[in-house]
Amino acid sequence: MNKLISILIACIFFVSCESQKSTKIEKTDVPINIMAYYVPREGYMPDQLPLEQLTHIIFSFSKVIDGEMQFRNAESDGILKQLVAQKEKHPQLKVMIACGGWTADGFSDAVFTKESRSKFISSTIDFIEKYQLDGVDIDWEYPAIPAGGTKARPEDKENFTLLMKGLREALDQLDRPQILTFASAGWKRYYKNVELLEVMKYVDYMNVMTYDQAGGATKFATHHTALGHRSLADIEQSPLGVAMTIQNAELPEGEDLWEPQSAEEIIRFCVEKGVDPNQIVIGAAFYGRGWTGVPPEDTGLYQPNTGPISGGTSYSVLLTDFTEEAGYEKHWDPVAKAPFLYNPTDSIFVTYDDTKSIKLKTQYAIENNLGGIMFWQLSSDSKDDSSLLNAIFTEALKK
């Protein structure tokens, strides 16, 4: 009898453990995709990542080298293999590769002819097969627009479509489903230089970079990753509003007018263009942008600056270094649905996403039937329960 009881207890314990494992996996069944771009950093390797809170992780970056997809850094090979191996513990996870990135050249030449496109596409398939990946994200910044020293030509517009078509056809030949995405800009001029609806026929998702709405060279302190839309009329009395109004008056007829940028506005724009909301992934920033020499009027918002601040502004650094003790006051813009920091002593303004704005972006994605939320990038997050990823994940589970 004692032996029988022992067996029954062991069975109950086994079932209980399996149930706990099962529950953990079921928790990842969130109503939207949660996609992380990931740049490896010391102390945050694949076995240390909160992968149970993700649906997709996009390893960043491979590059276009000699017309082919390759790693520039040899150590990336081993780290990507470690990341793919984590799928044994996290079967819900899709591991992808991002090719390109800011200042990454080579796309325009690689897709210029049928032969060069075939070469690049073939190398991409070989890359995916080598690492047994679940898909690829093309981060070409930007077709037909020279940026960050990259080559661009008018033919990029059509060639980008041909690239995505060729990739889709090649990926569909593999023996397992493949995800094809691309990173798109969060401003309207970009969409004049891609055949948007044609491209969307071949991709699963468009990851809209609804961050960097203001860069280091921006002459005014403003939001860089705002969700909520504010019209130019709303800020016309501010220094930024005055500057935009003057610039608009000098623009040639037909040019896009300067206006405050927001995730809501660019997503509305894409949907009105005919993009299926289910294919749109909203972007969040796990880093900030800041400027010096910002006067105190309106706690620095929309005021001129004298240049970008030096040093890192990852979310983890913002939590530890940009504190009230260091002189920073935290403010919330209810229209832009975004936070910002202002240091009146040092005249520094910082724009970023926090847990509140991240939750609002997650709600927005769900309520508007978007394909999901993505962010740049995972290694910049805090490594505790106050992390931005945890805020996204817990908010998504409420729905």
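Of note:
- Checking each residue in region 220-277 for being in contact with a helix residue (DSSP H, G or I) (Cβ under 8 Å, 6 or more places away or on another chain) and small (Gly, Ala, Ser) picks out 221, 226, 228, 238, 241, 263, 274.
- All positions within region 93-150 that are of a type in the set (D, E, K, R), under 20 Å from residue 203 (Cβ atoms) and in a loop (DSSP other than H, G, I, E, B): 134, 141
- Remark: residue 30 matches the filter, which requires a residue to be touching a helix residue (DSSP H, G or I) at 6+ places or on another chain (Cβ under 8 Å), at pLDDT below 95, among the aliphatic types (A, V, I, L, M) and more than 30 Å from residue 163 (Cα to Cα).
- Selected residue (criterion: nearest to residue 207 (Cα to Cα)) from residues of region 42-62 that are without any contact (Cβ under 8 Å) to a residue 60 or more places away in the chain and surrounded by 19 or more Cβ atoms within 10 Å (Cβ to Cβ): 59
- Screening the candidates 174, 167 for the property of being in a loop (DSSP other than H, G, I, E, B) and farther than 26 Å from residue 287 by Cα yields one hit, 174.
- Checking each residue in region 362-399 for being in contact (Cβ under 8 Å) with a residue 60 or more places away in the chain and of a type in the set (Asp, Glu) picks out only 381.
- Test for residue 170: is it hydrophobic (A, V, I, L, M, F, W, C), in contact (Cβ under 8 Å) with a residue 24 or more places away in the chain and in contact with a strand residue (DSSP E or B) (Cβ under 9 Å, 6 or more places away or on another chain): no
- Across region 76-92, not a single residue is classified as free of Cβ contacts under 8 Å to residues at least 12 places away in the same chain, more than 24 Å from residue 283 (Cα to Cα) and either of a type in the set (Val, Ile, Thr) or buried (at least 18 other Cβ atoms within 10 Å of the Cβ) (or both).
- Candidate set: region 250-267, residues that are among the hydrophobic types (A, V, I, L, M, F, W, C) and more than 25 Å from the chain's Cα centre (by Cα); chosen: the one farthest from residue 208 (Cα to Cα): 251
- For first residues located in region 110-139 and modelled with pLDDT of 95 or more, partners that are assigned to a helix (DSSP H, G or I) and of a type in the set (Ser, Thr, Tyr) and lie 6+ apart or on another chain with Cβ distances below 8 Å form the pairs 110/116; 136/124.
- Test set (1) more than 18 Å from the chain's Cα centre (by Cα); (2) surrounded by 16 or more Cβ atoms within 10 Å (Cβ to Cβ); (3) part of a loop (DSSP other than H, G, I, E, B) - residue 382 fails condition number: (1)
- The number of residues in region 94-134 being touching a Ser or Thr at 6+ places or on another chain (Cβ under 7 Å), surrounded by fewer than 21 Cβ atoms within 10 Å (Cβ to Cβ) and within 17 Å of residue 55 (Cα to Cα) comes to 1.
- Here 141, 158 are screened, and the one residue that is closer than 30 Å to residue 263 by Cβ, touching a Gly at 6+ places or on another chain (Cβ under 9 Å) and of a type outside the set (Ser, Thr, Tyr) is 141.
- Failed item, numbered, when residue 393 is tested on (1) part of a helix (DSSP H, G or I); (2) touching a strand residue (DSSP E or B) at 6+ places or on another chain (Cβ under 8 Å); (3) closer than 19 Å to residue 279 by Cα: (3)
Results for (1) of a type outside the set (A, V, I, L, M); (2) surrounded by fewer than 23 Cβ atoms within 10 Å (Cβ to Cβ), shown as yes or no for each residue.
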{"position": "146", "(1), (2)": "yes, yes"}
{"position": "152", "(1), (2)": "no, yes"}
{"position": "157", "(1), (2)": "yes, yes"}
{"position": "168", "(1), (2)": "yes, yes"}
{"position": "172", "(1), (2)": "yes, yes"}
{"position": "175", "(1), (2)": "yes, yes"}
{"position": "182", "(1), (2)": "yes, no"}
{"position": "190", "(1), (2)": "yes, yes"}
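- Residue count, region 54-92 (criterion: in a helix (DSSP H, G or I) and not β-branched (Val, Ile, Thr)): 12
- Selection status of residue 111, of a type in the set (A, V, I, L, M, F, W, C) and within 23 Å of the chain's Cα centre (by Cα): no
The values are calculated or read from the model by the stated rules, or taken from the named source; none is laboratory data. Note that this is a predicted model, so its numbers are computed, not measured. Neighbour counts run over all protein chains shown; Cβ positions are idealised from the backbone, glycine included.
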